[in-house]
Amino acid sequence: MNATYTAYAASDMYNAGYSCDGRPFIAEQFYVVIENAAGRRFRHTAIFNGTQEVVCPESGESYFSDLRQEASAKAERLVARVNAALQSGQFLAPTFWEEIDPAYGSDEYVYQGTEAKRLFAEKVAA
């Protein structure tokens, strides 16, 4: 991986736990992606969760604190460090990055046959 990549922060939703009524609490988590001009992407292994489950010691009920602002800021700090490393030509250790699907509609998306892979996976699952 070299300076032809650019880092940015992204987020997804995840199940952070269950509320006292048994319903899942869906929260946001943040992470860093690097992408090149062709659309090839790698995701950093660090994940910054936007909430934390807290259990009340008296009642035993769970509640979830909102940590999205802090989590987003951590991801943005990592983006800045990664972009600085990329611009200075530093090598990014591959142990911290995993390749993910290319950007939708990009040259790499077409080259890797991502759409065909997804259609095949849907047929197999059906």
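Please treat every number below as a calculation from the coordinates, not as lab data. This structure is a prediction, so every number in the text was calculated from the model and none was measured. A quick note on method: Cβ atoms are made from the backbone with ideal geometry, for glycine too, and the neighbour counts reach across all protein chains shown.
Residue check, Tyr8 against (1) touching a residue at least 40 places away in the same chain (Cβ under 8 Å); (2) touching a Ser or Thr at 6+ places or on another chain (Cβ under 8 Å); (3) part of a strand (DSSP E or B), all met but one. Which one?
The number of the failed condition is (2).
Hey, Tyr111 hits all of (1) closer than 27 Å to Tyr5 by Cβ; (2) surrounded by 16 or more Cβ atoms within 10 Å (Cβ to Cβ) but one; which does it fall short on?
(2)
Please name all residue pairs, on different chains or six or more residues apart, with Cβ atoms under 7 Å, provided the first residue is in segment 16-44 and is on the phi > 0 side of the Ramachandran plot and the second residue is surrounded by fewer than 18 Cβ atoms within 10 Å (Cβ to Cβ) and of a type in the set (S, T, N, Q).
The qualifying pairs are Gly17/Ser62.
Residues are listed down the side, and each one gets a yes or a no for (1) among the acidic types (Asp, Glu); (2) exposed (fewer than 13 other Cβ atoms within 10 Å of the Cβ):
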residue: Glu53; (1), (2): yes, no
residue: Glu58; (1), (2): yes, yes
residue: Leu67; (1), (2): no, no
residue: Ala71; (1), (2): no, no
residue: Ala75; (1), (2): no, no
residue: Gly105; (1), (2): no, yes
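Conditions (1) touching a strand residue (DSSP E or B) at 6+ places or on another chain (Cβ under 7 Å); (2) part of a loop (DSSP other than H, G, I, E, B); (3) under 14 Å from Asn15 (Cα atoms), marked per residue:
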| residue | (1), (2), (3) |
| --- | --- |
| Phe30 | yes, no, yes |
| Val33 | yes, no, no |
| Ala38 | no, yes, no |
| Pro57 | no, yes, no |
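Taking Ser62 as the residue in question, decide whether it is in contact with a strand residue (DSSP E or B) (Cβ under 7 Å, 6 or more places away or on another chain), over 21 Å from Ser11 (Cα atoms) and not basic (Lys, Arg).
Working: in contact with a strand residue (DSSP E or B) (Cβ under 7 Å, 6 or more places away or on another chain): yes; over 21 Å from Ser11 (Cα atoms): yes; not basic (Lys, Arg): yes.
So Ser62 fits the description; yes.
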